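Inspection log for the structure reproduced underneath, given as structure tokens.
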Amino acid sequence: MKDQNILNIGKMIFGLFFLAGNICLFGYMITKEFWFADSGFMLIIYGSVFNLVALAILLAYGIIEKAKRRVCFRSAAMLLINIPFAVLYTIIGWNLIF
């Protein structure tokens, strides 16, 4: 796999889950529809599992293919950026609901 493709995978997964989290958080803040909050908490659960699987695959590929190690680790680091946002959005969501 090309280096740019590996980086694009990390960027795409990061962007997808970051955008979905923003839609859920701000959708609930604007409309007060519980559906957005419920979807956001489900996104935390399923998104965490999906991101962990993607992270494990990137790390394993980077360990196996030594030539691709640096780019795989950079792509995996992009996925780790979602963690602080997920924690922050969860805290904000809990405070808004209760």
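The values are calculated or read from the model by the stated rules, or taken from the named source; none is laboratory data. This one's a predicted model, so the numbers in the text were calculated from it and none came from an experiment. Neighbour counts are summed over all protein chains in view; Cβ atoms, including those assigned to glycine, are modelled from backbone coordinates with ideal geometry. All accessible areas refer to the heavy atoms of the entire protein, side chains included, with ligands and DNA or RNA removed. Shrake-Rupley method; radii C 1.70, N 1.55, O 1.52, S 1.80 Å.
Below, the figures for the structure above:
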quantity	calculated
Matching residues, region 44-68, being within 16 Å of Phe18 (Cβ to Cβ) and of a type in the set (Gly, Ala, Ser)	Gly47, Ser48, Ala54
Residues located in region 69-98, provided they are of a type outside the set (A, V, I, L, M) and within 23 Å of Ile23 (Cβ to Cβ)	Asn82, Pro84, Phe85, Tyr89, Thr90, Gly93, Trp94, Asn95, Phe98
Region 77-98 residues that are closer than 15 Å to Val53 by Cα, paired with ones that are open to solvent by 70 Å² or more (accessible area, probe 1.4 Å) and not hydrophobic (A, V, I, L, M, F, W, C) (beta carbon under 9 Å, 6 or more apart)	Met78/Lys11
Exclusive hit being out of contact with any helix residue (DSSP H, G or I) (no Cβ under 9 Å at 6 or more places or on another chain) and within 25 Å of Ile92 (Cα to Cα), set Val49, Val53	Val49
Residue list for region 21-72, filter: among the charged types (D, E, K, R) and either assigned to a helix (DSSP H, G or I) or modelled with pLDDT of 95 or more (or both)	Asp38, Lys66, Lys68, Arg69, Arg70
Only one of Ile23, Ile57, Ile91 that is under 14 Å from the mean Cα position of the chain (by Cα) and open to solvent by 60 Å² or more (accessible area, probe 1.4 Å)	Ile23
Hits in region 73-84 (condition: at pLDDT 95 or above and either more than 14 Å from the chain's Cα centre (by Cα) or open to solvent by 90 Å² or more (accessible area, probe 1.4 Å) (or both))	Phe73, Arg74
